[in-house]
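The values are calculated or read from the model by the stated rules, or taken from the named source; none is laboratory data. These numbers were taken from a predicted model, which means no experiment stands behind them. Glycine also receives a Cβ, built like all others from the backbone with ideal geometry; neighbour counts cover every protein chain displayed.
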Amino acid sequence: MIQIPRPWEGDRAEALWAVYYFLLYKTLPFEPKDYLPKDQDGFYYYKNGDRTKEKVYPDAPDKTMKITQGWKKKLSKAAIPIPNTLEELIELVSPQLHDYLYQKGAVRREHLIELLTTQTDGQTIQVHHLEFAADPDWVQLLLTTVFPYARFSRKPLFAKLVQLMGVEVCPYCNRSFTTTAKGRNGSYHRQNQVDHYRSKSKYPWFAVTLPNLVPACGNCNLRKGDDDDSVLYPYLEGFGARYQFHTTLKSAAGYLMGEMVSPDDFAVEIQRDPAAGPVSDPDYEKRVQTSIRKFGLDVLYRQSHNAYVCDIFEQRYIFSDAYLDALMDSFPDLFESREEARRLLYMKRYDADALGASPLAKLTHDIDREISRLNGEKEP
Ligand SMILES: [Zn+2]
């Protein structure tokens, strides 16, 4: 589990929000004035995901609330009058959500925007009071009618949104690429799924909330399921330095003397760094354990990357620090630091603040540090 940058704050934030709001505009049943951003003149200004000079609020697309025949039947069977308005429908499913979103029959713009743009980690939703009780019989109505993720994600522009999020490697397993590539004909190829950090079934009011959407690999998305135990929220937290991969190599002496390490000699484990000190945040530690269990990280890493780890050992032996020093002396303009020279060995970025740049970057980072420790080097 690695932490990834929050795309809604980075370089591409403006483009990302523009695409996001345009998708909302195409799919949300609320009036555009209830949630679309205003520029300094007080007007909505996005069109086709780009800024437009037209200083007008767009007409709402067809905002007639559509309740499917199936739902109408179910409601009739339960002797519940069919809601006539969006507000009535929300009140039927969750009076709490209704009171949050409406005041005297009007949508509370700040609250609707908050619901769509707030981070969905446990602490934030607690502070903002974004947990609502909902009638289990009707809660799915929110998903089909009010926060319609299926419609939202079917729009061609959705792929552009995912691409702008810039998540290149699955944050949950750090093993698979999650690229979105633009083809020659302008269409997008997505090698990812989009996980709902808070599940659609339990938190349907976050179904189209941008910070609740996490591009991930299909396996992790499937494995995560939607039970209540929270995994780490990748936009805020990862294993970091506190949890590290290490090898169960019995004797380091062999390696240090240049003996070949065989993939059968050891396993890879995830352990809490003994130097991390006492547990200060039990909830974090619990989320770590839940993440390991749900994504099967201990199982996936135990044996499957041993040959790769052996390569790291070998490379570190051959490209010893003396060798790196010589390399840096020979090409003084090429490397700014020993870290940079060492990056060349693995042909990938593995520095702690860019673990999302390549698959297995966290494993590479941790094993590299383990070897440094075995060599008696100081921590960088
Ligand atoms: Zn994954």
Options LEU300, LEU327; residue that is away from the ligand (no atom under 16 Å from the Cβ) and aliphatic (A, V, I, L, M): LEU327
Hey, PRO171 assigned by TED's automatic domain parsing to the domain that holds LEU24, in contact (Cβ under 8 Å) with a residue 12 or more places away in the chain, within 9 Å of the ligand (Cβ to nearest atom) and at negative phi or not: yes
Those residues of the stretch 91-140 which are in contact (Cβ under 8 Å) with a residue 24 or more places away in the chain and of a type in the set (Phe, Trp, Tyr), in sequence order: TYR100, PHE132, TRP138
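So for the stretch 268-278 (the condition being modelled with pLDDT of 90 or more and in a helix (DSSP H, G or I)), does at least one residue qualify? Spell out how you get there, then give the answer.
From the stretch 268-278, those modelled with pLDDT of 90 or more are 268-273; that's our starting set.
Subset that is in a helix (DSSP H, G or I): none.
Within the stretch 268-278 (the criterion being modelled with pLDDT of 90 or more and in a helix (DSSP H, G or I)), the answer is no, since none of the residues qualifies.
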Residues of the stretch 174-194 classified as within 11 Å of the ligand (Cβ to nearest atom), touching a helix residue (DSSP H, G or I) at 6+ places or on another chain (Cβ under 8 Å) and among the hydrophobic types (A, V, I, L, M, F, W, C), total: 0
Residues (surrounded by 17 or more Cβ atoms within 10 Å (Cβ to Cβ) and either free of Cβ contacts under 8 Å to residues at least 60 places away in the same chain or in a helix (DSSP H, G or I) (or both)) located in the stretch 141-150: LEU141, LEU142, LEU143, THR144, THR145, VAL146, TYR149
Among the residues listed as ILE82, ILE125, the single one being aliphatic (A, V, I, L, M) and at pLDDT below 95: ILE82
Only listed residue being closer than 30 Å to THR27 by Cβ and in contact with a His (Cβ under 8 Å, 6 or more places away or on another chain), chosen from TYR197, TYR203, TYR233: TYR203
Residues (among the hydrophobic types (A, V, I, L, M, F, W, C) and within 16 Å of the ligand (Cβ to nearest atom)) located in the stretch 195-232: LEU213, VAL214, ALA216, CYS217, CYS220, LEU222, VAL231, LEU232
Which numbered condition VAL279 fails, given (1) in contact (Cβ under 8 Å) with a residue 12 or more places away in the chain; (2) aliphatic (A, V, I, L, M); (3) in contact with a helix residue (DSSP H, G or I) (Cβ under 6 Å, 6 or more places away or on another chain); (4) closer than 27 Å to GLN3 by Cα: (1)
Which listed residue is out of contact with any strand residue (DSSP E or B) (no Cβ under 6 Å at 6 or more places or on another chain) and aliphatic (A, V, I, L, M), from VAL146, VAL162, VAL167: VAL146
Residue within the stretch 158-176 that is surrounded by fewer than 16 Cβ atoms within 10 Å (Cβ to Cβ) and either modelled with pLDDT under 95 or aromatic (Phe, Trp, Tyr) (or both) present: no
Any pair with Cβ under 6 angstrom, 6 or more apart, that starts in the stretch 190-206 at a residue that is touching a residue at least 40 places away in the same chain (Cβ under 8 Å) and ends at one that is among the charged types (D, E, K, R) and not in a helix (DSSP H, G or I): SER201/ASP226; PHE206/ARG198
Selection count, the stretch 67-124, where residues are part of a strand (DSSP E or B) and surrounded by fewer than 16 Cβ atoms within 10 Å (Cβ to Cβ): 2
